[in-house]
Structures are given as structure tokens and as C-alpha cells.
1. With each label point set 7 Å from Cα along the Cα-Cβ vector, what nm distance links A:N15 and B:D551?
2. According to the square roots a ≥ b ≥ c of the eigenvalues of the Cα gyration tensor, what is the shape class of segment B:540-632, taking rounded for a/c under 1.5, prolate for a/b larger than b/c otherwise, and oblate for the remainder?
3. Under 19 Å Cα-Cα from B:K314, which lysines qualify once same-chain neighbours fewer than 8 residues away are excluded?
4. Using a 1.4 Å probe over the heavy atoms of the protein chains, calculate the carbon and sulfur portion of the accessible area of segment A:2-77 as a whole percent.
5. Under a 5 Å amide H to amide H cut-off, with H placed in plane at 1.01 Å, what residues pair with A:N131 once short-range neighbours are removed?
6. Defining a contact as two alpha carbons under 8 Å apart and six or more residues distant in sequence, what relative contact order in percent does chain A show?
7. Using a 1.4 Å probe on protein heavy atoms only, how many Å² of accessible area do B and A hide from each other, summed over both chains and rounded to 100?
8. Under a point spin-label approximation (7 Å from Cα along Cα-to-Cβ), what is the B:R310-B:A158 distance to one decimal in nm?
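The values are calculated or read from the model by the stated rules, or taken from the named source; none is laboratory data. Quick caveat, the model's predicted, so the values are computed rather than measured. All Cβ positions, glycine included, derive from the backbone under ideal geometry; neighbour counts span all protein chains shown. What goes into the accessible areas is simple: the full protein's heavy atoms, side chains included, and nothing from ligands, DNA or RNA. Shrake-Rupley method; radii C 1.70, N 1.55, O 1.52, S 1.80 Å.
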Amino acid sequence: MTIDFTVNGKSVSLNIDPETPLLEVLRNDLELNGPKFGCGLAQCGACSVLLEGRSTRTCVTPVSAVNGMKITTLEGLGNEDHPHPLQLAFIEEQALQCGYCVNSMIISAAALLQSNPNPGNDEIKQALAGNLCRCGAQPRILRAIKRAAAASGGNGS
Amino acid sequence: MKTTRREFISTGGLLMVYFASPVLALAQYTSPNPGQSGKSHGNEFVDTWIRIESGGKVVISAGKVEFGQGIRTALAQIAAEELDVDFSRIQMTEVDTSYSPDEFYTFSAISIQQSGGRVRKACAQARQILLQLAADELTVTTAGLSVSDGVILDGGQATTANYWSLLEGKNFNAVVPDEVVVKDRKDYTLIGQPIQRLDIPAKVYAQASYLCDMRLPGMVHARLVRPPRTGLSLLRAETDGINSMPGVIKVIRDGSFLAVLAKREQQAVNAAKSLASTCHWQTTVDETNSDNISAWLKTAPAKTYPVTSRSSDKTADVTQTLSAEYSRPFLAHASIAPSSALALWDGNNLSVWSHGQGMYPLRGAIARAVDLKQDQVRCVHVESGGVYGHNGADDAACDAAVCAMSLPGQPVSLQWSRTDEFCGEPLGSAMTVSTQAGLDQHGRIASWKQVVWSGTHSTRPSGPDGAGNLLYAQSKDQPLPSPPLRSIPQPSGGADRNSVPIYVIPEIDVTKHLVEAMPLRVSALRSLGAYANVFAIESFMDELALASKADPFEFRLAHLSDDRASRVLNRLRDQSDWSNRPEGGSGEGWGMGFAKYKNLAAYTAVVIKLQVTDSGDIRLDRAQAVVDAGLVVNPDGVRAQIEGGIVQACSWTLKEQVNYRPGAILSKDWSTYPILTFPEVPDVDVEIIDQGDHAWMGVAEAAQGPTAAAIANAVAHACGVRVRNTPITPNKVNAT
Ligand code: FES
Ligand code: FES
């Protein structure tokens, strides 16, 4: 079955088993590094991407479900030359230890800042309640998200 | 990251794989030339540690691996400092058994002491050699020479000589002597600076940084079928239908080891799932379960070790004796990244990319498990999620090796499932700790007795003799024998780590009972026994303070003779505004805990401020810590380790317990093994006391125990309920 969608602004057309998890397609077929395998059970957030601007868990999303849709991954948010304010803020705050959760945190925070450009501490914490970090980097992640919000002039970017 | 066929090249009999990514490029850094003796990478050679490379680079190879603790950045700081080169010139390689120094495991929060010291000496020696070469070239003596960013200065003036003109791409051909003159601390410009970590930008920009980002041409995918808990034999599995499933390349069965290889990852997942449904596993008779384990430990066959015994000639007048018993359940490392590995067998040599903590010990263990000679096996460290001790990483590396050897020439990527990790990884052992103390008429502690019951904290597959600790080696048709029970001796200790109170007490008696056979697979979890021992000691100190009607800080300070310890406590008392501690029983609780990690490393004191609701729910507001880790290489790195340690210990203490019954581990995903979520994380403040006159000390495991006790003490302060068994749940708060 042919599935067409857009990833980080590029059109993709794949002839593939429609049941294949989107995570596998992004990581193995399209060789993107942002989304990570963490549980495969929609429990940790490691595999998140922005699907039409909403944070979505790709480990439980069959690729057929994204036909015709737009996906942004961590690499699509920004890069060294054109960083996203969240990426800069995570570096400034050194907001990760192993960093395996960093995709999860930045993607969910990006979705949050879209809808709420100037979130308070509790709003940030609630928005990330389903995003697990085992290293205990949350205090720094919180600071980084607030820094990014401030840097974007509270307009989310 | 794409790797083309062309980029596979053969070097010295080893298949080397080259990557385009700047981050992983150093995972394939070619072996330096042999040192003088012809041995390629003995720790004694300067060339093993440092290479002056083209492009104005200095490449440093150390034997400690990065898993987010910032060790490579700290080592780069030490190297740049000692060599007098700009920090940006330093490149750190991955740990690779084909060229790296052998520094055994990255564990026990001792990397800075061990590797830091060795890198410093190697670089100091390298600098001396370079100065001598410069002196020869400039026909001067070294006396007037100095170095600025690798340029040799004579009398403060730049000369034409620099590190690269003198030695680029060449060997030092020298050994690192035992005694080397190193830089004076007063001249440090880099050590002590909060330099940003080298690895972070690539991670936030999603450049290839992790093992899972390695994609080799022709790579196939492997998944395992595992028993519902380790140690169960596979009685029956129907493999026939599986071979014809889409994409399946083969099913591998060796005794109770069962794996499927498929072209695509989901095909391997599907095949493993179907295969699992045909499996019959042996059942076990086990009298323990997660509810009775702490009592069972005290009755189980065990080896007994006296830990310490100190008596006093003056028999104190004990007016009051208190005793208590504490416990912690089995805990999981529970990395966000389930274990994985990549392996490639070319018919003669095996390459394994792993996120384990020790590549040299792993190489020896894998070689033994799969019947190869050690020099046929190359292990390369590549990062994945944090490991926090001995988790499934080493097992996955061996599993991948076994799969790869069944498919010569094709790289195999093996991924454990979330449930494989929870049900297969070695857990932190359950522990029970009893304490008893006598108080004299002045409310001082006259005597202390502590007994620790625990399984071992060390079943790492350390080299060939440790191979029997690998899951594959235990499961295969001809299993390897289990290595003997290992008791880690004092002063660092295993189950008995931090079991000796640091306080001034005339009579102390501490005993360890190491249970011979544990019902679940156990090994090292961050801080080993220190978490439960400090939880017990520091909870009991509060109980004793209460009995003596003393303030918790005052009570501890009155029993301390170590000035650095007192300084840390005094500082935290001020920082936490302790004099404004609320009245007990108000629902708001402040508690503290303190330890000197292993009684020989960092001093860490923690205050926890929390609320206990009427229904017994515990809400953490704030954690405040003061740390003395001696000379600090990177203060932000130390702060991050303490912050992370506190948050993880909050999770262990409030939420975590591996649930199991005889046939199965019931904690097998994040819904059955919940950890602290974002809204539950407290604000964390860490202050580091600069003690630059003292040696540097590890901090990565220092916060675990003090945090646990601080929580228990805060709960007791908030509502008067003393919970002695972690996790401290609303049920337990309400039960008393
Ligand atoms: S991997 Fe998708 S939520 Fe965990
Ligand atoms: S930084 Fe390691 S899981 Fe979050």
C-alpha cells in the first residue's frame, strides 16, 4: 500500500505494510534520529513527533494513520544553523543527562508553547506529565522551557 | 546516518565501520600506533591516552564511558588544563577495545578519581616530552619554556614550535612514570569551570548520538522471546510456523535462549510475539513474593561477614535503648532506553557495539560465552539511555553477538522490549536493615548495632570468569557455571556500603548477611547498599534525636568530629532556613538526611520539604542539598549529578517496588512500575562547597541515601508517622 505524507517539509511516498509503526518508518526507513524507541506502549513519550502540530506517540501509530498529514520531528524543529528556541534553551540550561528523553521533552514543549506561549510552572509540568525522564533532569528541563518561552517573547515561536 | 559499503574497511584483521556523523565518527577512530614495547594499548603508554592530531586537534582516549554523567567533558577539561591547550582542541574517543586504555568499568562514582588521575598524569608527561622536543629544536633548555594553547613560548614570547609542528601524527614512545609533576592547582584556568557538555548540542539537534542511530548496510533486526522471569527453562516452543512469517530470516534456539531475526524491525516484533505464544516455560517453586521478601531475607541461607566492631573500655551508662528495622524492595534500573546492541561477525572476528559500562570486561565475557578467543572480539561503547548500574546492556550485547554469529557478514541490531528489560535486567537487591542504639543520660549515642541482610550487589559479567553471569550463558544448552557469590569488601562495600555510621559513637557493631541465592536476578544498582543503609541510619538518627528531644541537625552535629561534615550540615541548616521549620504534625514536613558516600567520598546533606494530605498523599515541594566533593572539575556537572540523584531517589523512595510472584515478574512496563512523573518532581537546589585543597571525589551516587532518609524524616515530621519500608506510599502512611 502506498502512503504519502510530509516530514519536516519534504514529501514522502512509501510502499509499505500499512500496519508498520510510524516510529519504525521514521527511524529505519527515513533515517531520522529524533524519535526514539522507549517502550512501544505509548507510556513514555520517547517516540513523540508533531503530527499536524500535536505531540503524537509514533510507537503506537500505524503509518497508514498519517496518510496526507504533516509531521515535524526534532530535527525538523531546528538545527545548529537555525536552532529552535527550545533547542538553544536546552543547551543553555544543560537540561539533560543521558538525553534519551530529550526528544520527548522538546516535542511536547514545542506543542505546549504553540498553544500557550507563556505557560506557568504547573502548566508545563502538567503538559509533560506523560513524558518520562529517568535521569532526573526535570528541574533543568523546566528551566529550559521557561527560558525558551521568554526568549520567544512569550509568543511560543 | 547512512553508511555505505565503501566505508566498511578492514583494518588489522578487524572490520572497522566508518560513520559520516561527527558525533559517532570517533566510534571508529583508528588504533594509535603501538607503543615502545609493541603492545598496542597498554595503560602505561602515553600514546594510549593522547595523540597530537592534524587540524590542531588533540585526541584523548580514556577508558570510562559516557552515559550522560558528563565524564568525557570533565576528562577533556583535565586534559586541556594539563596540556595548556584550548578546550575546543580536545576530542574524546569512544571506549573501544581495539585501542582504548583498559579502565575496567565505569562505576561506583569513581571515574574522576581513577580516569581523571590517569589522564592528568599522561597529559603532564606528554607536555614534558613536547617541551623537551621544543628545547632541542630551539637549542634552549626547558627552563624558560612555557605553553599557550599548544604554542611553545620562550621567555613568554611565542616561538615557531608548537605541539603539532613537533609531533603531529607521531608517537610519544614513552611510558607514563609513576611520579609526574602536574600543574599546580593555583594555576588552574579550566578545572573548576562550568564548561558546557560536549555531547549535548548533537543530542538536542537529533544528530546521531546513540547506539540506535547506527544504521549499517544490510542490517537486520533481532528480538528475543524471554521467560516471564529469569531462570526459567524453556520446555517447548513451536518454531515451524514462525520461519514462514513475513520477513523472518531465522529463529535461533539454544537451550532456553530464543531469538528471531527479520528484515524489518516490526517483522521481528511480530514474529517474537507469535513465537512467545507457543512457548511453555518451566514453573518454579519459590516461597517469596514482593510482600514477604524483607522478612524472608532474614531467614534465608546466608554468609555472614563482620563489617566492623569497635568497643570502648568505658562501659557507658545506657539509659534508653531503641531499635528499628528498615527495608527496601527490589528496584529496577528502568532506563528509558531498553537495552540494545549491534553486532557483526565476519567469520573470524566479532564486533559488538554496546552501551554497557565496561567494554574490556564485556569482551572477555562474550568471548567465553560464544567460544571465541578474546582477540577475536572487539567491543565498542556507544551511548544509549542512562544505565544507573548493571542493567541489561551487557546481556543484550551478548545476545546480539549470538544472533550475529548465526548470520556471518550481516550486522544485527538487537533491541530488548520494555518488558524484556523489566523482566530480564538484574535488579537492585531487596534489603533489610536492623538498627539498635543505646542512649546515655545526656542523650548521646553510647552504642550502635546494625545488621544488614541482602543479596549480592555484584554479578557483573567481568571478563571470562564472569561469563556465567550473562543471561545467554545461563540460558544456553550448555550453560556456563555461575561465578561464586561475591562480597565486595570494605571500605567501599556492597550490601554493607555505608553501613557504618560516620558518627562518633563509642561502641559500634555492624554485621552483613549475604543471602546465597536470591529469588530474582540481582546486581549493582546506583549506590549499591548505601541507599538502604543511609536510609536506615539517617531515619534512625531522627528517631534517636526525637527520643533525646534534640533537633535533627543539632543531634548529628553533636556526634560529628569531621569538620567537613559539620560544615556541610551547618551550611544546609542555614540554606534551608531550618530555624523556621514548621511545627511537627502540621501536615507540612521538613526532614534531613546526611552521608559521606562510602564513608570516603563526597559529603552530601539533603533537606526535603513536603506536604502530607489527610488521605496520606505525599507532595514534594522542595529539595535542598549541600555537597562537598573536594576539588570540583566541573561544578555544573556535579550539580547535575546531585540534582538527578535526588530526583531519582525521590522516585525510588515514594513509588518504586518490583512486584513479583513465584512464576513471574509483575512489574513489566511503566504502568506496573510507575516512576516519578514531571508534576511530582520537587524544586531542587544544590550548593557545592568548594574544597579545592582536597582531592576530587565522585558524586554520582552520593545523594541517593540522604534523600531517602530526608523524605522519611519529613513525612514523620509532617504527620507523626514513621515509615521504615520503602516505598513510602499513602497506604503505609495511613496504616499506622
Ligand atoms: S516509545 Fe512510544 S511512548 Fe514510549
Ligand atoms: S536525561 Fe536521561 S532519561 Fe531524561
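1. Using points 7 Å along Cα→Cβ, the separation is 7.8 nm.
2. prolate
3. B:K449
4. Carbon and sulfur: 46 percent of the exposed surface of segment A:2-77.
5. Amide H neighbours of A:N131, under 5 Å, 5+ apart: B:F678.
6. The normalised contact order for chain A reaches 23 percent.
7. In total, this chain pair buries about 4900 Å².
8. Each label point lies 7 Å from its Cα, and together they span 5.8 nm.
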